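For reference, the structure discussed in these notes is given below.
The values are calculated or read from the model by the stated rules, or taken from the named source; none is laboratory data. Since the model is a prediction, treat every value here as computed from it, not as a measurement. Reconstructed Cβ throughout: ideal geometry from the backbone, glycine too, with neighbour counts over all protein chains shown. What goes into the accessible areas is simple: the full protein's heavy atoms, side chains included, and nothing from ligands, DNA or RNA. Shrake-Rupley method; radii C 1.70, N 1.55, O 1.52, S 1.80 Å.
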Amino acid sequence: MSTSSVSKGCFVFKPSGKKKMRELGLEDHFAEGCEGAENTAARFELCQQLWDKLKTDTEALQDELNRKVLDSLLDLTRKCSTTRQHSDWASKMRASEIPTAALVLGVNVPDHDMTFQSLSELLQQSVTPHVASVQAKECGTLKHLMKRVLERLTGTAVDDEEEEEEGAEQTSTPLHKSSHCSLSTLCDWYNAKARKSSTGTPGKKRSSPTKDEHQQPPVVIIFKDLEAFNPRVLQNFILICSLYIERLPLMFIFGIATSPSTIQHMLPHSVSSLLCIELFQSLSCTQHLATVIDKLILTPQFPFKLNGKVMQVLISIFLYHDFSVRNFIKGVQLALLEHFHSQPLSVLCCKKKQALLNVTQLGHLDLERVRQLPSFKRYVERQEHQEQVSLLTDDGHLKEVCQRLIKDLRKYHKNYYPVLRCLHTLTSSLPRYPLGKQIRELHLICLEKNVSENEDYQSAMKLLKMLAKDELITLLQRCADILQSVKSKKMRTAHVQLEELLAKFKQLDSAAVETAPVVEENITSPVRNLQKKTDLFQLQKTLLEMNESRRSKKLSPFEVLRNDALEFIDGLVKSHLCPPESQTLNEACYYSSSATVRRHLNAAPRTSIQAALRTPYYYIQNDSLKTEDGSVSKAAPDICIAYKLHLECGRLINLFDWLEAYATVVSAAEGNDPDSDDYGKVDEVKHARFIQAVSELEFLGFIKSTKQKTDHVARLTWGGC
């Protein structure tokens, strides 16, 4: 794509979100400075496959999560055309108002574009072809808003009166036919479309009119960011549209990020009474993120993994910055790209069959990298002496061992996630959520260390031992359903054992339970009280009382069976929820550089600008700018010279002194004779260059004008990078 301009500048063309990594130009960047250049192409292909899979699965999941609210909006839109056909008084009163859907999407504004795109596509496919989406930044005035609506609906350019007058003065022959910016023009266009569709194809015999033929497809206008619109512009637009509601079947969709009360704050009653508003609520962004993590991240089908610190960085950015699931996925994609770029053994981060094949294709250099992995060193230390020698010297034997270790790593992931979900199912129903309410919180705990050694886990197991029979059976049945769908030998065996325990619970004779009614009452009643109490001291006191009561009294058959079931769950946790660092070759699949992710996602613009002004060589790659003592070269750009000189000044900078110092440095860079009379003198060219450099520093926020002294500027930044 090319462009032209009167002056030099930087033009940014944002690529389409559906482009692949190769189309985005990431292949060349991937190869630059890539560790292990011998398998760069294979790693890039694997990275692109996982990148596309993550993007496709995310979009499909978001469409599924928004399906309910989008279907409700489609139903409302269909009703708009049918309501106008009724002849009763209530329908006429309703038809005199503009149907409006208030869609509350939440504060995760970056995710709204995908939702509105899906909504527009569904409306055009199944309800009406007349859909226009507008944003506040392009509709600052009523004229601009009207123009954007007409352009999006008619698909032609729209001229207002001022533009027509200017165009008439410049040329007498218009380049293309344009429409006038008014709703009457839109009405004429809509009626022409309706007549054309009712006439049908020439020569084709029309069938008898049906009910659907009398229905007029509505004209839907979507306001993506309602809060950002100028209230006066929005009010005037609604008032004008209300005058044409009998001629034009209009419908509004308001995209709201905060609260439905925004409509009341922006529109007075005289305007809001012209709207027939129906409220729609989308899924909250936290629920959305929980579903994305559960379906896409916590699954063995996606071979790329994040360690605990990286996951914590991404979740923290989500919770404390923008609540955007889209940006969270971008963070995962960034970690994916960084992992395949920096880790030569990431060629093993793929599906099982492909990974086993890639192991056989590893070269001697790659096998030496395997021997240097911390997890593999720990594995070698646990082996016998002869096996250690073979692993460190025999490449063929090492490949066979690596294939077995890759299989073990896949089995670990297959068993890890079902047991994680079972433990979350049991503990998320406990008071105070000792291991977290969301599964991602429990996952972070398991990534750090053995969860069985955690104090919160031990407290959770004690609380589970106080559950009543019905509650425990319900939770265990959910765990059995989770294990039933897993295709793993160990999980199938665990499912059979859990079903046997559930069968024993159901076989407990009610008479056997009644043999110790006092014990059962003493055990179950404190749990019911625990659901109400929030005092930590009372909770600890109740737990101690229950421990004492169990020691002093004989356990009932139900209590014995309950302990067996919880011991079974505890055994699964200890066997399968060990941290990934304990698995050999985990470095091939797990990305652990949280500092890199934080640096890319939590950018520091001021620090980056200061670094560029101090060391322009690293950005321009010009050898004449290279310096050893950290100073700025005399051949540096004007803004770098001005910035370096301003660092030597105090709070107020004298512009004349600053100009003279700048002229001296520039004269030295030009190679002028220091003994000449013209050395360091300010001419028109140097003066203009200095003014431009000072203006750029003011634009970047390093200086500002001050009223204290007219020939001075105030310095705004202090300290280095």
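A few points about this structure:
- Heavy-atom surface analysis with a 1.4 Å probe gives the range 371-434 a carbon and sulfur content of 48 percent of its accessible area.
- Placed amide H near Lys681: partners under 5 Å, 5+ positions off or other chain: none
- Number of Lys-Lys pairs in the range 405-508 with C-alpha atoms under 21 Å apart and a separation of 8 or more places or on different chains: 19.
- With all protein chains in place and ligands, DNA and RNA left out, the 1.4 Å accessible area ranks Ser556, Ser259 as Ser259, Ser556, largest first.
- Accessible area in square angstrom per residue, the range 264-377, 1.4 angstrom probe: 43
- Peptide ranges 409-420, 123-134 listed from the most packed, as the mean C-beta count within 10 angstrom indicates: 409-420, 123-134
- In loop segments of the range 567-629 as defined by DSSP, the GluC sites (Glu not before Pro) with at most 11 further C-beta atoms inside 10 Å of their C-beta are Glu628.
- Surface listing: Phe537, Phe223 arranged by accessible area from highest to lowest gives Phe537, Phe223, probe 1.4 Å.
- The listed residues Trp658, Trp718 rank as Trp718, Trp658 when sorted by accessible area, largest first, using a 1.4 Å probe.
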